[in-house]
1. Suppose we filter region 160-176 for residues that are within 18 Å of the chain's Cα centre (by Cα) and in contact (Cβ under 8 Å) with a residue 60 or more places away in the chain; how many remain?
2. Among what's in region 1-26 and is exposed (fewer than 15 other Cβ atoms within 10 Å of the Cβ) and assigned to a loop (DSSP other than H, G, I, E, B), pick the residue that is nearest to the chain's Cα centre (by Cα).
3. Identify the residue in region 27-70 that is among the small types (Gly, Ala, Ser) and loosely packed, with under 14 Cβ neighbours inside 10 Å and, among all such residues, is nearest to Ile160 (Cα to Cα).
4. Take region 121-148 and flag every residue that is within 8 Å of the ligand (Cβ to nearest atom) and part of a loop (DSSP other than H, G, I, E, B).
5. Is it true that some residue in region 42-65 is away from the ligand (no atom under 15 Å from the Cβ), basic (Lys, Arg) and free of Cβ contacts under 8 Å to residues at least 40 places away in the same chain?
6. Anything in region 46-72 that is assigned to a loop (DSSP other than H, G, I, E, B) and over 11 Å from Trp13 (Cα atoms)? List them, or say none.
7. Determine, yes or no, whether Arg11 is within 15 Å of the ligand (Cβ to nearest atom), charged (D, E, K, R) and in contact with a Leu (Cβ under 7 Å, 6 or more places away or on another chain).
8. Restricting the search to region 98-114, which residues are open to solvent by 10 Å² or more (accessible area, probe 1.4 Å) and either touching a residue at least 40 places away in the same chain (Cβ under 8 Å) or under 14 Å from Leu62 (Cα atoms) (or both)?
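The values are calculated or read from the model by the stated rules, or taken from the named source; none is laboratory data. Everything quoted here is computed from the prediction, not taken from an experiment. So basically every Cβ, Gly included, is an ideal-geometry build from the backbone, and we count neighbours across all protein chains shown. Each accessible area value is taken on the protein alone, full model and side chains, heavy atoms only, with ligands, DNA and RNA left out. Shrake-Rupley method; radii C 1.70, N 1.55, O 1.52, S 1.80 Å.
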Amino acid sequence: MRLETERLILRPWTDADRAPYCAICADPEVRRYYPSVLTADETEAMIDRMIAGLDRDGFGFLVAERKSDGAMLGDIGLSPVPMPLRGSPKIEIGWLLGRAFWGQGYAPEAARACLAHAWDVLDADEVVAFTSIPNGPSRRVMEKIGMTRDLQGDFEHPEIAEGHPLRSHILYRIANPLRS
Ligand SMILES: CC(C)(COP(=O)(O)OP(=O)(O)OC[C@H]1O[C@@H](n2cnc3c(N)ncnc32)[C@H](O)[C@@H]1OP(=O)(O)O)[C@@H](O)C(=O)NCCC(=O)NCCS
């Protein structure tokens, strides 16, 4: 899976992406709405899982590379929903960028290309996104790309400890516009 936007290339992972992505995931600001930062070993394991997912499913979380200078901005993509959610959605969209690249509209630009891929190539019925309640920036991206909050879709994230302030999550959805 490889996608292109005006400013970005979304492509599979290479070994050269490992060091910059480890640095991104070790940044407490980037991981502000996650339970913790990640060690290099944890990030490497996550990259391995993303590569395996791409190989297995034919779609997954991709590297966002800036065309103008080749900078590795972070990851964004589509992936199978990893837990039961209201309405049993099958595909989620997600994003995580290095702090230096925030606020320039990169995530919504890349996300729109991912949604187009979900509709045109994967023929998905819908795509969902979810985040912890206080993650305003991520919610803004969901809104910018036309997703709507499912007010009945709130859930407790099964991988976050009970009682943790980031455990409560909200769910956004968007239906395939080619079906309406
Ligand atoms: C969520 C994220 C991918 C947004 O990417 P982006 O390319 O900056 O998206 P946008 O440029 O459209 O900005 C989205 C919102 O981020 C916020 N934002 C912008 N610049 C910011 C900055 N420097 N610091 C903090 N928040 C900022 C604003 O609320 C903005 O909304 P606005 O355009 O209405 O003002 C990015 O903030 C990120 O990687 N965060 C850390 C990882 C994360 O939480 N991922 C989501 C997990 S569900």
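1. 4
2. Arg2
3. Step one: of region 27-70, the residues among the small types (Gly, Ala, Ser) are 36, 40, 45, 52-53, 58, 60, 64, 68, 70.
Filter again for loosely packed, with under 14 Cβ neighbours inside 10 Å, leaving 36, 45, 52, 58, 68, 70.
Details: Ser36: 10, Ala45: 18, Ala52: 23, Gly58: 28, Ser68: 38, Gly70: 35 Å.
Out of the qualifying residues, it is Ser36.
4. Selection gives Asn135 alone.
5. Restricting attention to region 42-65, the residues satisfying the condition of being away from the ligand (no atom under 15 Å from the Cβ) are 42, 44-45, 47-49, 51-60.
Retained after the next criterion (residues that are basic (Lys, Arg)): 49, 56.
Then keep just the ones that are free of Cβ contacts under 8 Å to residues at least 40 places away in the same chain; that gives 49, 56.
Within region 42-65, one or more residues are away from the ligand (no atom under 15 Å from the Cβ), basic (Lys, Arg) and free of Cβ contacts under 8 Å to residues at least 40 places away in the same chain.
6. Quick first cut of region 46-72, residues assigned to a loop (DSSP other than H, G, I, E, B) only: 58-60, 67-71.
Answer for region 46-72, where residues must be assigned to a loop (DSSP other than H, G, I, E, B) and over 11 Å from Trp13 (Cα atoms): Gly58, Phe59, Lys67, Ser68, Asp69, Gly70, Ala71.
7. Values: within 15 Å of the ligand (Cβ to nearest atom): no; charged (D, E, K, R): yes; in contact with a Leu (Cβ under 7 Å, 6 or more places away or on another chain): yes.
No.
8. Once the filter is applied, which keeps residues that are open to solvent by 10 Å² or more (accessible area, probe 1.4 Å) and either touching a residue at least 40 places away in the same chain (Cβ under 8 Å) or under 14 Å from Leu62 (Cα atoms) (or both), region 98-114 yields Arg99, Tyr106, Ala107, Glu109, Arg112, Ala113.
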